[in-house]
1. Cβ-Cβ below 6 Å, separation at least six or inter-chain, first residue in the range A:584-609 and under 27 Å from A:GLN154 (Cα atoms), second surrounded by fewer than 17 Cβ atoms within 10 Å (Cβ to Cβ) and not hydrophobic (A, V, I, L, M, F, W, C): which pairs?
2. If I ask for residues that are among the charged types (D, E, K, R) and buried (at least 21 other Cβ atoms within 10 Å of the Cβ), which ones from the range A:548-580 would you list?
3. Restricting the range A:676-704 to residues that are of a type in the set (Lys, Arg) and more than 7 Å from chain B (Cβ to nearest Cβ), which is farthest from A:TYR727 (Cα to Cα)?
4. Might you check whether a residue that is out of contact with any strand residue (DSSP E or B) (no Cβ under 6 Å at 6 or more places or on another chain), surrounded by fewer than 17 Cβ atoms within 10 Å (Cβ to Cβ), within 12 Å of another protein chain (Cβ to nearest Cβ) and over 28 Å from A:LYS577 (Cα atoms) occurs anywhere in the range B:145-162?
5. When residues of the range B:172-213 are filtered for being at the interface with chain A (Cβ under 10 Å from one of its Cβ atoms) and either surrounded by fewer than 19 Cβ atoms within 10 Å (Cβ to Cβ) or part of a loop (DSSP other than H, G, I, E, B) (or both), how many remain?
6. Taking the range A:270-306, which residues are in a loop (DSSP other than H, G, I, E, B), at pLDDT below 85 and either within 14 Å of another protein chain (Cβ to nearest Cβ) or surrounded by 13 or more Cβ atoms within 10 Å (Cβ to Cβ) (or both)?
7. What number of residues within the range A:242-267 satisfy the criterion of being over 14 Å from A:TYR293 (Cβ atoms) and surrounded by fewer than 19 Cβ atoms within 10 Å (Cβ to Cβ)?
8. Answer yes if at least one residue in the range A:737-745 is touching an Asp or Glu at 6+ places or on another chain (Cβ under 8 Å) and within 14 Å of chain B (Cβ to nearest Cβ), and no otherwise.
Amino acid sequence: MRKILATFLLVISLGLYCLPLMAQQNVVLSGTVRDKKTGESLIKAVIRIQELPNAGIISNEYGFYSLSMPKGNYVAVVSQVGYETLVQKIKLDSSVSIDFKLETKNQLREVVVESSRKNDNLTKAQMGTETINMSAISKVPVIFGEKDLLKTIQLLPGVKSAGEGNSGFFVRGGGADQNLILLDEAPVYNATHLLGFFSTFNSDAIKDATIIKGNSGSQYGGRLSSVLDVKMKEGNNQDYTVNGGLGLISSKVSIEGPLQKNKSSFILSGRRTYADMFLKATEKFKDNILYFYDLNAKANYQINAKNKVYISGYFGRDELGLGQDFGIDWGNKTGTIRWNKIISNRLFLNTSLIYSDYNYNVKLKNGATNFNINSNIKDVNLKQDYTLYANGLNTLRFGFNSILHTITPSTFSGTVINSVAKEGRNGLENALYLTNNYRANNQLTIDYGMRLSMYTLMGGDVYNIYENGVVKSSVKLNRSSFGKTYANLEPRITTNYRINEETSIKAGYARNVQHLHLLSNSVASSPSDQWIGNSYNIKPEIADQLSLGYVTKLFKSNFEFTAETYYKYLQNQIDYKDGAEINTVSDVESVLLYGIGRAYGLELLLKKKEGRLTGWIGYTLSKTERKIDGINEGKWYNARQDRTHDISVVGIYELNSRWSISGVFVYNTGDAVTYPTGKYNLQGQTLYQYAARNANRMPAYHRLDFSATYEKNKTKRMHGSWNFSLYNVYGRENAFRISFKDDPNDPTRTQIIRTALFRWVPSVTYQFKF
Amino acid sequence: MKKIFFLISICATLLIGCDKEISLVLDNNEPVLVIDGSITDQAGPYFVQLSMTSPINNPTRVIGVNNARVFITDQAGIKDSLEFVSNGLYRTKKIRGTEGGTYNLEVMVDQKKYTASSSMPQKVNLDSLRINTFPFNGEIRYSVIPVYLDPVTLGNSYRFIQKINDTIDPTFHIFNDNLNNGKVNQRPLRGGDEKLKIKPRDNVFVEMQCISNATYIYYNSLDQQSGAGPGGGTAPSNPPSNIVGGALGIFSAHTVQRKTITIR
């Protein structure tokens, strides 16, 4: 422990030592980049100085930037996707603060996925990173016409869908629980609604979303595979607007506007599905309940030029039920209070206090008897993140993060059982990090950093220590006392070398550590899957990822081609023993198995970013395996999500100023599954014999979707658009499940049944804004 | 928990599910020996069925193994050499099953030896059967609750075999006392599938078996794999068996009680 701390401090001091001495005669240009019309701050805008080709900076998550340079007269060039580039003369006699205000582009054309700007020589050395443009995704066809962030990122190489129409996703061979999904910095534990068919993100309330596939900066941590960083809109601080959408399955509305013009604003956004209304209309299903809703709210207040406060919250809930007798509901609540403080024109501080709560409840009722299952995970999270614009070449980011987790696993109660109050467990997760973005010269950028993550077991339930499945000893801690601490160092580095104006190569290594684990015995995620923290038996999951990349621009920068390869090694992966009753067993740790994993692959992406036709073609070649003691005789086997080939093609074409059409085509190798290799009759029933786990394949999956968007001519206030889409144009019956059963007409014959979910799902959505 | 998956599959069906028979090219494994043996607290003889697995595309039938030598020994040292009946079925001659007794099975086939051991739990009395009704999708559904008082010590496991008018319900009804230790059981036997709905005037027969933990894991594993969750429940594998030597199946010493109820 002490050793680790010492190493960490050494790295920090080395990092600072390496900083070239700050030039004293320099002055600082700092400020915020904003949308001129709405006042919304702009993330990742590029600020360049024409006279100093080496100088430049990217605005941070709050639109803040800071640049030091010698006194003089300059021309600043500020650019951002979807905005007209701003060219502004600046006279720098002393340090000044200037807010740049950018105007949105007149043309409607917007690109869905934007990993690098046209002038990307300033972009950080980040690898495997894609940013989703929320206003452009409405043109990508999706099932039920509900534009959806999570379904759009599944069209990127290296990101795979958890199943037909499902919002769950796997990144580079990782599990669905290995993605850190952040909504305004608050972790979202279950990012899906309605058993995965919708994501919890109401796209009208989202400003920006970035996915980082394993090589994230040290400020992120806690999950192995990826970071999906979703930022909510701040709200228009100039004028009131109402946005909304009417769809066949759901409708939504958002209101935003200034609380005090130029100073503060708010946004309120709500959404509800109404599939249950259709159920009510049928005699058979009229007592059934099936809906979800969610609410996003955010407000910000500019206290003075140096201080700004944001408050944001999310509340979402799903309800499913069969009459009075059976119901299940689940949902996330998150709340974030953030305080931006510009300590000096070089030092930016953000302090966040975050609360997050995920719970589910199952109710069973039968006459006078009832039965309930509840489970809950609660986080209180304090974060401080400093950005130090040390000089033109080094931008340092450092800070800490402390999370108190309270995890209550499935607890059963009711009239017919012994209600065992499980006390739940507390865990304290602490992290310290430091990362430096160093621009060695115009060609070489290095992002390097270190994260120290620690997890301390705290009191609550008894911790049993197992050896070969047998309890060896037990530890009982008081609520507020501390047990074992796991400490891990997570070194990370990415480098970007620009060979010329068009081409660069990248390389990176990252270690990620995960202290919370999702226990699920079903193939698809279910709301009742439980989270569990580290314990005396469960060790932190560790992933080491090595990646190499190549980016080049083709045809006058109209096209961009990216190739990335990765190799990932996973430790302390968790699974269950066969036949284990995981939900009711008194200590779930008695039925867990541990092992390792590996994943490697090649990802190719060709994007067209300019012109009437935009879109991309992505291809992934990959392999994902696990090796767990007690499964498959301890030999390597394919993970379920191992799909050798994965292709996605997305195209959006502007026919004229009113109509645009778009199409999506996806193809992937079927999931790795286990088919029987023989059968036998036992007590009159047909049972199946199995060999190696996941050695077989589901049939290949492919699908074409199509949509057309009609935008009415913009009048002064009202703006409306219609979207018509057809999911699965050629009606392929993609296998959702393959099952084996006796032929009802001849029970000695075995039938192989393919279940397909969606053929031809048409939808219409009306989107409005005034 | 099962009910959640049930509900999920209903939702999935609402979303226009569509089933079609397809053909697949499947690997065929070497045939493997399957042992299904039991010993109960009822009067003998007790039976051990030996058979071989067959390829998926062949007709399902019992391919008996007729050249085996089968022995069951109890803890008193009585060794019973089972006699061959027909098509892989072997019958005990003298051994007597009792509550609390431990039994060892030994099977010799082509110089290969397979062994298993099972202890018969103490019997928990099946007091009665009662009818449970619940509304479901606009109609009244029926199910049967086996009424018994679970003993105060934790670790009892039960298996129920349900027949509706002589048609056997293929569901594996496997209970334990993780949640209701020491209480009167109020959990119903899930009412078969759509085709095997329980209706008024049906005769429902229930056999209750008090089983060992190994038998519980075996049948619970089969039950989980039959789960109808999206993508098909847990990843299937051969259920963990108490047979040593590489055979499939189970050797179970259990108590047996039977009761019948008429739905009205």
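1. Within 6 Å, the pairs are A:ILE596/A:GLN571; A:ILE596/A:LYS627; A:ARG598/A:TYR569; A:TYR600/A:TYR567; A:TYR600/A:LYS623; A:LEU602/A:THR565.
2. Answer for the range A:548-580, where residues must be among the charged types (D, E, K, R) and buried (at least 21 other Cβ atoms within 10 Å of the Cβ): A:GLU560, A:GLU564, A:LYS568, A:ASP578.
3. Applying the first criterion (of a type in the set (Lys, Arg)) to the range A:676-704 yields A:679, A:693, A:697, A:703.
Pick out the ones that are also more than 7 Å from chain B (Cβ to nearest Cβ) and you get A:697, A:703.
Numbers: A:ARG697: 24, A:ARG703: 8 Å.
For the range A:676-704, the residue satisfying everything is A:ARG697.
4. No, there is no match, as no residue in the range B:145-162 is out of contact with any strand residue (DSSP E or B) (no Cβ under 6 Å at 6 or more places or on another chain), surrounded by fewer than 17 Cβ atoms within 10 Å (Cβ to Cβ), within 12 Å of another protein chain (Cβ to nearest Cβ) and over 28 Å from A:LYS577 (Cα atoms).
5. Initially, the range B:172-213 is screened for residues at the interface with chain A (Cβ under 10 Å from one of its Cβ atoms), giving B:172, B:174, B:176-188, B:195.
Still in the list and also either surrounded by fewer than 19 Cβ atoms within 10 Å (Cβ to Cβ) or part of a loop (DSSP other than H, G, I, E, B) (or both): B:172, B:177-188, B:195.
Count: 14.
6. Kept after step one, since they are in a loop (DSSP other than H, G, I, E, B), are these residues of the range A:270-306: A:274, A:281-287, A:305-306.
Restricting the remaining residues to those that are at pLDDT below 85 gives A:274, A:281-287, A:305.
A:TYR274, A:ALA281, A:THR282, A:GLU283, A:LYS284, A:PHE285, A:LYS286, A:ASP287 - these are the residues of the range A:270-306 that are in a loop (DSSP other than H, G, I, E, B), at pLDDT below 85 and either within 14 Å of another protein chain (Cβ to nearest Cβ) or surrounded by 13 or more Cβ atoms within 10 Å (Cβ to Cβ) (or both).
7. 11
8. First, the residues of the range A:737-745 that are touching an Asp or Glu at 6+ places or on another chain (Cβ under 8 Å): none.
No, the range A:737-745 contains no residue that is touching an Asp or Glu at 6+ places or on another chain (Cβ under 8 Å) and within 14 Å of chain B (Cβ to nearest Cβ).
The values are calculated or read from the model by the stated rules, or taken from the named source; none is laboratory data. As the structure is a prediction and not an experimental result, all values here were calculated from the model. Methodologically, a virtual Cβ is constructed for each residue, glycine included, from the backbone with ideal geometry; neighbour enumeration extends over all protein chains shown.
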